[in-house]
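Below is one structure; the comments refer to it alone.
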Amino acid sequence: MGILHDDVVIIKEAEKEGNPTIITVNCPDKTGLGCDLCRIILFFGLSIVRGDVSTDGIWCYVVFWVVGKSTTRWGLLKKRLVEACPSCSSASWISYYRAELQPPGPPDVFLLKLSCLDRRGLLHDVTAVLCELELIIKKVKVSTTPDGSVMDLFFITDTRELLHTNKRKEDTYYHLKAVMGNSLISCEIEMVGPEITACSAESSFLPTTITENILPLKIPDELPSSLTSTSVSVIMDNSLSPGHTLVQILCQDHKGLLYDIMRTLKDYNIQISYGRFSIKHGRTGEIDLFIVQTDGKKIVDLSKQKALSARLEMELVRPLRVAIASRGPDTELLVANPVELSGKGRPLVFHDITLALKMLNTCIFSAEIRRHMIGDKEFEVYRVLLDEGEGLAVPRSKIEEQVWKMLMGWEQ
């Protein structure tokens, strides 16, 4: 016997403004499910202020208290959360595990070509529309021509898997036209073959100075306090439970905090048997997690404890890397977003970058998104060449700090 489809995810919307909405998930368990749920919630622009997780390794029960936008499409969020859950009926257990053994192929990639007249904040407005339509930006190439027009190339995938239809293409054009108005010159959407996708995936050269100094995989001894989270504490204890390792985390809250913890544990194939998460005094995150390895045993190897603890600390001190560098005579903003072993990464990064620059009245001359291996870890690297015009009006340090604060949810 399984549970009813509508009972897999239950969303109880807040009765009063300012109160959290409660999301309950009740379904079969799988390693990394918490990470997948947190990523979806983050994509919808919501913040988790409290959470409880309980599982016996077969079935799990998760409750999130979330706050965020009043315009949240709760019905669509529920649909996406249900899709992330393993099959919930006994009749479909076999088909589910077959699907796990034979994972679905990669989604179709489409090329969105936009030609338009340039204006301040245009790239963010386009990015916001694509996010609203659940069109995922995989790569982008933006360039400004001498006559003041812009050619934007977005390699995108469609969460709804409908972009091959004329109706979905027309709907996308309608939404873009509504935002861009008369500045839109042309808009084309076409599916691209594997040869074009493979060509676009080739990494451009990333200078050694960037990989070694700007995007370090270890926490440097000295970092500007404005570009890091503060007071991160990770403690592991095997004395409180006969069968689990207790991980206690105390740190400054930031956008996607629980996601950053969950993705790190997922990459290490760590299973959470019980966990509790809360935000105290509005800024401090307190997390208690009882975890086991894939063999169902606690972590007794001190070297493994140390490695996991160090990785969690690093990902919470700097969940993303932000830097300003010189690119010849020009100024370039670089943001590195860690990619999960599953190939997925934090959502809305490009959205937040372009929003921060728009709020600073800083124009973008060109931009690109590509993936790079730095050490043994893959990053999605955003390179934004700033349009300095007669000179960069905003100091470099200000740009760096404001982009970081936007990504961390500290912009207010």
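The values are calculated or read from the model by the stated rules, or taken from the named source; none is laboratory data. Please read these numbers as outputs of a predicted model, since none were measured by experiment. With ideal geometry, Cβ positions are generated from the backbone for all residues, glycine too; neighbour counts draw on all protein chains shown. Areas reflect the complete protein model, heavy atoms only, side chains present, ligands, DNA and RNA absent. Shrake-Rupley method; radii C 1.70, N 1.55, O 1.52, S 1.80 Å.
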Residue by residue through segment 295-309, which ³J(HN,Hα) values in whole Hz follow from phi under the Karplus form 6.51 cos²θ - 1.76 cosθ + 1.60 (θ = phi - 60°), with glycine and proline marked x?
7, x, 10, 5, 8, 9, 5, 5, 5, 5, 4, 5, 5, 5, 4
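Quote the FRET efficiency, to the nearest 0.05, computed for residue 157 versus residue 276 with a Förster distance R0 of 45 Å and r equal to the Cβ-Cβ distance. The partial results should precede the final answer.
Details: r = 35 Å, r/R0 = 0.77.
Rounded to the nearest 0.05, the efficiency is 0.80.
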For residue 352, solvent-accessible area (1.4 Å; no DNA, RNA or ligand), Å²
10 Å²
I'd like the accessible area for residue 83, computed on protein heavy atoms only with a 1.4 Å probe and all protein chains in place. Round to 10 Å², please.
110 Å²
Provide the per residue accessible area, probe 1.4 Å, for segment 286-365, rounded to a whole number of square angstrom.
40 Å²
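Structure shown: which of 344/377; 12/255; 141/377; 113/255; 141/358; 255/297 lie over 20 Å apart, alpha-carbon to alpha-carbon?
Violating the 20 Å Cα-Cα cut-off are 12/255; 141/377; 113/255; 255/297.
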How large is the accessible surface of residue 410 in square angstrom, using a 1.4 angstrom probe and rounding to the nearest 10?
40 Å²
D_trans [Stokes-Einstein, Kirkwood Rh over alpha-carbon pairs] for segment 253-412, 20 °C, 1.002 mPa s, µm² s⁻¹:
122 µm²/s
Whole-Hz ³J(HN,Hα) for each residue in segment 362-378, computed from phi via Karplus 6.51 cos²θ - 1.76 cosθ + 1.60 with θ = phi - 60°, x for glycine and proline: what do you get?
9, 7, 10, 7, 7, 8, 8, 10, 9, 9, 9, 8, 10, x, 9, 10, 8
Per the rule of 0.36 nm per residue minus the C-alpha distance, extending residue 398 to residue 284 adds in nm 38.5 nm
To the nearest 0.05, how large is the calculated FRET efficiency for residue 10 and residue 297 if R₀ is 30 Å and r is the Cβ-Cβ distance?
0.35
Just tell me which aspartates and glutamates come within less than 14 Å, Cα to Cα, of residue 139; anything on the same chain fewer than 8 places away is out.
108, 152, 158, 202, 368, 380
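May I ask you to derive the relative contact order of segment 267-313, considering only C-alpha pairs under 8 Å and at least 6 residues apart, and to give it as an integer percent?
32 percent
Determine the share of segment 256-412's accessible area contributed by carbon and sulfur atoms, expressed in whole percent, with a 1.4 angstrom probe. List each step's numbers first, then the result.
Details: 3190 of 6590 Å².
Answer for segment 256-412: carbon and sulfur cover 48 percent of the accessible area.
Rank 264, 24 by accessible area, highest first, at a 1.4 Å probe radius?
Details: 264 5, 24 25 Å².
Order by accessible area, largest first: 24, 264.
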Check residue 370: other-chain or 5+ apart residues with amide H under 5 Å from its amide H, H built from backbone geometry?
381, 383
Skip the ligands, DNA and RNA, and give the accessible area per residue of segment 106-152 with a 1.4 Å probe, whole Å².
40 Å²
At 0.36 nm per residue, and after removing the present C-alpha to C-alpha distance, how many nm does the segment from residue 186 to residue 58 gain when stretched out fully?
40.9 nm
